[in-house]
Every structure is written in C-alpha cells, then in structure tokens.
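A short reminder: the numbers here are calculations on the coordinates, not readings from a lab. Since we're looking at a predicted model, the values are computed, not measured. Methodologically, a virtual Cβ is constructed for each residue, glycine included, from the backbone with ideal geometry; neighbour enumeration extends over all protein chains shown.
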Amino acid sequence: MADRGTFDEFVATRSQVLLRTAYLLTGERASAEDLLQTALAKSWFAWGRIDGAPEPYVRRVLATTYATWWRRRWRAEYPTGELPETPVPGDSSVEDRDALWRALGTLPRRQRAVIVLRYYEDLSEAQTAAALGVSVGTVKSQASRALAALRRDPDLTNSHGGGR
Amino acid sequence: MIENELRALFADRVGDLSTNGRRTAEVRARIKAARRRRATGAALAVVLVALAGALLTRLPGRPDALPTGVPPGPWFTTDGVPAVPGYTAPDIRDVTGPTEHVLVPAPVRLRYLLLVRCERPGTFVLRNLGPAGATAEVDCSYRAGDRFEGVTALDPAAADRLFSPSGADSLNVRYEPGSPGTWTVAVLWSTATVGLRPPDAGRPPLLDGATSPDGGTFEATVPPRAAGVGLVVSVDCVPGVKLELSVPGGVLGTVDCDPTRDPARDVGAMSEGRISLYVPDSDVDRVDLRPGQRTRITVRSTGIRTGEWRIVSAS
C-alpha cells in the first residue's frame, strides 16, 4: 500500500507524465492541469489503500474522471478555428496533424479516452478496459468507432485527398 | 495507418508541455478544499435527512397540524369507523350536502380531531353559525382504499370558537362537504386532557400529586360488592403517570395513565383525562379486605415524576 507520506514526492516526480495524458484527453493545457489536479486530489483520499504502484491508479482516476465527469467545463472542449500553433504554410505534415488533432476533439469523451490510452499510453485493450472501468468489448467497440470516425472526418479526408 | 499517425501526433503534442512548479501546493489546496466539502457534505447529509423527515410529515396522511403521537392515515376502519389511538369519537355523522348540527365542546380542555371520509377528493368546511363565523377546513385527499380521508387537529381554543353557541337556535355548526357523494364527518376528542383536568367542584381529592408527587396514603371504605367488582379507584392524571396502589394485605393494582386505550371498548380506559382502576372481587379477597372495612391505601408513583395526578375517589 502507498504511504501517504510519499504523495508529495509522487506529485513532484510523476505528475508531469500524467499531465501529458491529461492534455491529450482534454486537448487544452489549462483543462489538463485542472483534470490532473482533480485526479491527484481524488487519489490522495485513497492513497493509503492503493495496492502496488500508485501511478496506474492515478491514471485510472484521470481517465474515468475525464470520461464520466460530464459536468466539468472541459466537457464542452472542442477544437476552435484558431489553433495555438499556427501551421507553417505548405508544411503538409503539420497540417495533417492539426487536422487529426481537431478530428480527435470531435470524438465522444470515452472514445477519445480509449484512443489516448491505447495509442499514447500503449495500454493493451485489457489494460485500457481496466483503466476506464469498462469491458474489453467496450474498449474494442469504442476504439473501432473512434478510428472509423477519424477516417471519415472531412478534414482528414480532404488533406489526404480521399479516405484512409 | 491512422494508428501510427495518432502515435506521432500524441508524441508531438506532449513534447513541449511546460511544468507547473506550484502543482504540489495546488493539489494540496484542492485536497484541503475537498476535505472541507466532505465535512460540509456530511453535515448537509444530516440536514437533508432531517429535512426529509420533516417533508415526510407533510405528505398526504401526515398533515402539518397532526398532533404528535397521532399516526398517519388511514384514520377510519374499512367500515368507516374512526380509529385513532388516543382519541374517542363521540360525534359521527354521514352527510351528502350542507347540513346544520349541534356540536358542543368537551367540559374539560381537550385536543380534537376533525376527521372526514369522502368518495371524491374535496375540501370539507366546518362553519360556526355564530356571528364570528369561525371555520375549519379539512382536505379530504388521502387515499384509503376506494375512499379518501382527511384530518385537521383543533386545539381547545379553536374548538371553543367552532363549537360556541350560535344564539337562540340550538344548531351551531354547518357541515359543508366539498364534493359529491357521502361524507363521514367525525369530531374526535382526545382521551387525555391538555394538562391535568381541573378538580371536581366540592369534592376534594383523596390524595393530590401536587403536594405528594411520589405518592402517599389515603383512607377508603370498601364498598358493597357489585357485578364482580370489589373496589373502583378513579384518578385524574396526565399520560405517563403510573400509580401503584396497595393495602397492608398486598398490592391492589396499578393505575396506568395510558391515553391510547379506547374508552368505547374498555371501561377502565382514560376518558376526558380521568381513568379508573377496577379491582375485582378476587383481588379484594386476596388482600383480605371485606365490604364495609375501612382501610389505608398506599400510593406509589412509578411512572413519570410529576404532580399532575390526583386520586378522585375510591368506592
């Protein structure tokens, strides 16, 4: 079990890694920090009961908080027309990624969480299911729908001159 | 493969996320706030439970005015007979439209319930025919089987106004049913009085709790036997009083000032704040008492400690 005395150390050393996941989930820096701190604060109350390494637990809290906490302000997080980073004209790879990033923002939250956990965290379907508290079947179907939606996204289709 | 593009996108996007040097402090602040919310939430939960309880008392069948101890409806049996523990029903009438009647208040200060039973929901109005025209309303909307019921509690002052004489005419109240069909209207009297009933004029008590709340003694003559009863001791008391009566030969019995016994069914039950202990012949024999014998009766208070009781008679 994790010792509560190690919580501050965990925050100091591991939270930046978790911030990246939070950022990929929310798509926005401030919301990511909010989500991360919320997940950390939630985890603190269970810190003494966490069996094993705390990071998977915190990641799970992060993912489920994002996927289910519909009342929070990052629920309505959608990509805007103005991107934080302006693409360099003519750089097609940057444009493609921006289009993919925007398309990612249109996904339902649980689908986005599945995609982030599967392709950023490199979690298996079973691990993703455990992290989100859903069945493996749900992870499969959510991932399948998310990828299909991304493939059908008009921006991506246009940037590639057709479907993928 | 879009999966590979996603991996590349994610790696690219998280590459330059700045760190937050205040994160630990900010998380700590959130934890502190959450703990405060949890404590507040627990307190709020207690308040909500209390509010829920209060709300329940306002649901149909639990009118606000219902006195403490009166159970929720139904207040009538399926045969349409009032049945509320602690109350007796000296006046029950069936009406199908506005009618005028005589209602008199009890000779002592009681609480009253105005009960109605109706075929369709509606509001019943009891109106005094005097110049002041005091009224009481009962919402007959609590469903009980194929009928509806309603109740309103009246304190002694309200009853005095409602049941006051209207003048030369002996009829003093009008019943005004609020929907078609037969309405059963009952005025119930509490079996207990509001406080101790006043002493009988010209008849001093044999023993007064006001001066000896824990008990005492008095003398009585054993009466001639009648219908299997050897001695009757009458007591004015408030609910909760219990008095153990004994003679040198043993215990006669205990007067339990329980207002929930129905005086219509139990001759010894409390009525208008007075209760009687009927000591059968066999118990009188057991304690070696004979008719005509003068004896000392000892009273010991075993219920609530109060001076609100008095031994009225022993005959």
Self-check item: CD proxy at 222 nm, helix term only [per DSSP H run n ≥ 4: -39500 (n - 2.57); per residue of the protein assembly as shown; nearest 500]
Solution: -11500 deg cm²/dmol
Quiz item: For the residues B:SER301, B:SER271, B:SER315, what sequence is obtained by ranking on other C-beta atoms within 10 Å, fewest first?
Solution: B:SER315, B:SER301, B:SER271
Practice problem: Alpha carbons only, please: Rg and Dmax for the stretch B:207-314, in angstrom. | Solution: 13.2, 35
Quiz item: Could you give the distance between the Cα centres of the stretch B:126-195 and the stretch B:261-315, to the whole Å?
Solution: 35
Quiz prompt | Proximal lysines to B:LYS32, defined as alpha-carbon separation beneath 19 angstrom and excluding residues fewer than eight positions away on the same chain | solution = A:LYS42
Self-check item: Exposure proxy ranking, count of Cβ atoms within 10 Å, fewest first, for B:MET1, B:MET270
Solution: B:MET1, B:MET270
Quiz item: Given charges of +1 on the Cβ of Lys and Arg and -1 on the Cβ of Asp and Glu, with all other atoms neutral, how large is the dipole of the protein assembly as shown about its Cα centre, in debye to the nearest 20?
Solution: 1140
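What is the sum of charges around B:LEU196, taking Lys and Arg as +1, Asp and Glu as -1, for the other residues whose C-beta is under 11 Å from the C-beta of B:LEU196? Display every interim value, and only then the final one.
Values: positive: B:ARG109, B:ARG197, B:ARG274, B:ARG310; negative: B:ASP208, B:ASP236, B:GLU308.
The answer is +1.
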Quiz prompt | Hull-based mean projected area of the stretch B:202-265, where the convex hull spans the alpha carbons, in square nanometres | solution = 6.2
Quiz prompt | Residue-averaged beta-carbon neighbours from other chains (10 angstrom radius) around B:15-23 | solution = 4
Practice problem: Can you pull a Stokes-Einstein diffusion coefficient for the protein assembly as shown at 25 °C (0.890 mPa s), Rh from Kirkwood over Cα pairs, as a whole number of µm²/s? | Solution: 81
Practice problem: Along each of the three principal axes of the Cα atoms of chain B, give the extent in whole Å, ordering the values from largest to smallest. | Solution: 114, 56, 37
Quiz prompt | Sorted by Cβ density within 10 Å, fewest first, the residues B:ARG13, B:ARG117, B:ARG37 | solution = B:ARG37, B:ARG13, B:ARG117
Practice problem: Report the net charge of residues surrounding B:ALA157, where surrounding means a beta-carbon distance below 14 angstrom and charges are Lys +1, Arg +1, Asp -1, Glu -1. | Solution: +1
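State to the nearest 20 debye the size of the charge dipole of the stretch A:4-75 about its Cα centre, where the only charges are +1 on K and R beta carbons and -1 on D and E beta carbons. Present the calculation step by step, with values, prior to reporting the outcome.
Values: 12 positive and 7 negative charges, 65 e Å.
The dipole of the stretch A:4-75 has a size of about 320 debye.
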Exercise. Go through A:PRO108, B:PRO263, B:TYR175 and say which Cα lies farthest out towards the positive end of the charge dipole of the protein assembly as shown; charges sit on Cβ, +1 for Lys and Arg, -1 for Asp and Glu.
Key: A:PRO108
Quiz item: How compact and how long is the stretch B:250-293, expressed as Rg and Dmax of its alpha-carbon atoms in Å?
Solution: 12.6, 34
